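What follows is a single structure, written as structure tokens, with notes after it.
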Amino acid sequence: MIYFDHAATTPLDARVLERMLPYFRENYGNPSSIHRFGQKAETALEEARETIARVLHCQPQEIIFTSGGSEADNLALRGASLARRKTSGQEWILTAKTEHPAVSKTAEQLEKEYGFLLEWLDVDEFGRVTPEALGKAVCGNTALISAMYANNEIGTINPLRDLSEIARSNRIIFHTDAVQAAAYLDVDVTKLNVDLLSLGGHKFYGPKGVGALYVRAGVELIPHQTGGGQESAQRAGTHNVPYIVGLAEALKLACEERESRAAHVRPLRDQIIGQTLEAIPDSQLTGHPEERLPNHASFVFKDVDGNLLLQLLDSAGFACSSGSACKTGNPEPSEALTALGYSRAWALGSLRVTLGKDSTAEQVDSFLKILPTLVEKARALTKPH
Ligand SMILES: *Cc1c(COP(=O)(O)O)cnc(C)c1O
């Protein structure tokens, strides 16, 4: 079985696991305890915070640990919007339909249940939020902008610096979901000029169920999880010390090995894109041709049931994805692809192939050998929409 679904999750790096193990075994203390068990755990916790701060070029106290990328997104959107409305009365939230549901569904809830005003930003044909679209949408009443760094479904990288510049000059809080981006792109928050940035461990060979939110000093959040005073009373709950240690180690390795990992996957990715478009009729690349994650290839095939194609691929020994969590039975095309303007006949036939640091040229060759036949087979079996 060949794993080409690294945008969904990555295996835990053995080096990361090694760092985590002592905190399950002998160093099991609660970092909030006074005794030596507690002190040891607290030291590990604060070292992890410093490691992450070094990668992000921020202060350690600007990092809040969470239960994953989704929680970091939730805390950023809900926490910052509520705090802004309280202090300044601002009530508009700007984000895009191409965002991960952890952002878009949270924005929808803020509209429906909390009375915020929500505007969906236009995206271009590649799924980018353009500075022009953002510039037109901002106003004195905007509380928060959320624009992802790189898209999980189509790999497109947003022009983040241009977007955050607009936020900065209008004094609007700017959040970016960097959960997918952190595996391959520079996450220096001073260069990106963002106020809030979400990370999730399992997208870069760290553990699942742990993440972090960067919160620029001075940016206020209303906590969504109250209880003990952990994380400067911004996120209550006993720290998951082994996972936090793993998150930091995985991010450090991703940063150190960023260039070599990107250099490894990029030519393989380019080969997948080039040969697929050439060999398969009625195929299109989704997302930006250049401004995309180096490990990420995504396509639509006209009149192909994407779920069926994934099953055929699985039977042939390849784990791929459609890019979104569409269910079998009554599949709806993904919101992101619909926002990009793809018709049903195209959007239902999506395929995402995401490589990893251990993917090989042989794996890619055998994949490319079989893919055209499987698309043809799926197309023949697909009832017209
Ligand atoms: C995976 C992902 C998330 C969710 O992170 P979890 O750690 O799985 O909760 C959020 N945003 C993007 C872009 C992602 O790829």
(request) Work out the charge dipole of the range 14-256 with +1 on the Cβ of Lys and Arg and -1 on the Cβ of Asp and Glu about the Cα centre, then indicate which of Leu144, Ile64, Leu110 is farthest towards its positive end. (result) Ile64
(message) Counting only chymotrypsin sites (Phe, Trp or Tyr not before Pro) that sit in a DSSP loop (anything but H, G, I, E, B) with at most 15 other Cβ atoms within 10 Å, what is the longest stretch of the chain containing none of them?
(response) 29-385
(message) Run through the range 270-353 and list the GluC sites (Glu not before Pro) located in a DSSP loop whose Cβ has at most 16 other Cβ atoms within 10 Å.
(response) Glu290, Glu291
(message) Quick check for me: using +1 on Lys/Arg Cβ and -1 on Asp/Glu Cβ, what's the dipole size of the range 14-256 about its Cα centre, in debye to the nearest 20?
(response) 500
(request) Could you calculate the FRET efficiency of Ala233 with Asp282 from 1/(1 + (r/R0)^6), where r is the beta carbon distance between them and R0 is 45 Å, rounded to 0.05? (result) 0.20
(request) Run the accessible area of the range 14-256 with a 1.4 Å probe and give the carbon-and-sulfur part as a rounded percent. (result) 47
(request) State whether the chain is rounded, prolate or oblate according to the following rule on the C-alpha gyration tensor (a ≥ b ≥ c being the square roots of its eigenvalues): a/c under 1.5 gives rounded; otherwise a/b larger than b/c gives prolate, and the remaining case gives oblate. (result) oblate
(message) Over the chain, with the other protein chains present, what is the accessible area per residue in square angstrom, probe 1.4 angstrom?
(response) 42
(request) On the full set of protein chains, 1.4 Å probe, figure out the accessible area of Ser260 and give it in Å² to the nearest 10. (result) 80
(message) Using alpha carbons only, how many angstrom separate the centre of the range 53-125 from the centre of the range 174-195?
(response) 14
(message) For the chain, take the longest principal axis of its alpha carbons; what is the angle in degrees between that and the long axis of helix 101-114, to the nearest 10 within 0 to 90?
(response) 60
(message) Given bins 5 angstrom wide, list per bin the percent of all Cα-Cα distances in the range 99-183, short to long.
(response) 3, 14, 26, 26, 20, 10, 2, 0
(request) Provide His202, His264, His175 ordered by accessible surface of protein heavy atoms (probe 1.4 Å), highest first. (result) His264, His202, His175
(message) Can you tell me the orientation of helix 361-381 relative to the chain, as the angle in degrees between its alpha-carbon axis and the longest Cα principal axis, to the nearest 10?
(response) 60
(request) Select from Leu310, Ser32, Val189 the residue farthest towards the positive end of the dipole of the chain; place +1 on Cβ of Lys and Arg, -1 on Cβ of Asp and Glu, and compute about the Cα centre. (result) Ser32
(request) Could you work out how far helix 160-169 tilts from the main Cα principal axis of the chain, as a 0 to 90 degree angle to the nearest 10? (result) 40
(message) Under the rule a/c < 1.5 gives rounded, and otherwise a/b versus b/c splits prolate from oblate, where does the range 1-103 land using the Cα gyration tensor?
(response) oblate
(request) Please work out the FRET efficiency for the pair Glu376 and Glu18, using the Cβ-Cβ distance as r and a Förster radius of 45 Å; give the result to the nearest 0.05. (result) 0.50
(request) Please arrange Lys112, Lys203, Lys105, Lys357 by accessible surface area, largest first, computed with a 1.4 Å probe and ligands excluded. (result) Lys112, Lys105, Lys357, Lys203
(message) If you take every DSSP beta bridge fully contained in the chain, what fraction is antiparallel? Give it as a percent rounded to 5.
(response) 55
(request) Ignoring everything but the protein chains, give the 1.4 Å probe accessible area of Arg266 in square angstrom, nearest 10. (result) 110
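The values are calculated or read from the model by the stated rules, or taken from the named source; none is laboratory data. Everything numeric here is computed off the predicted structure, so don't read it as measured data. Note that we place each Cβ from the backbone using ideal geometry, even for glycine, and neighbour counts take in every protein chain shown. What goes into the accessible areas is simple: the full protein's heavy atoms, side chains included, and nothing from ligands, DNA or RNA. Shrake-Rupley method; radii C 1.70, N 1.55, O 1.52, S 1.80 Å.
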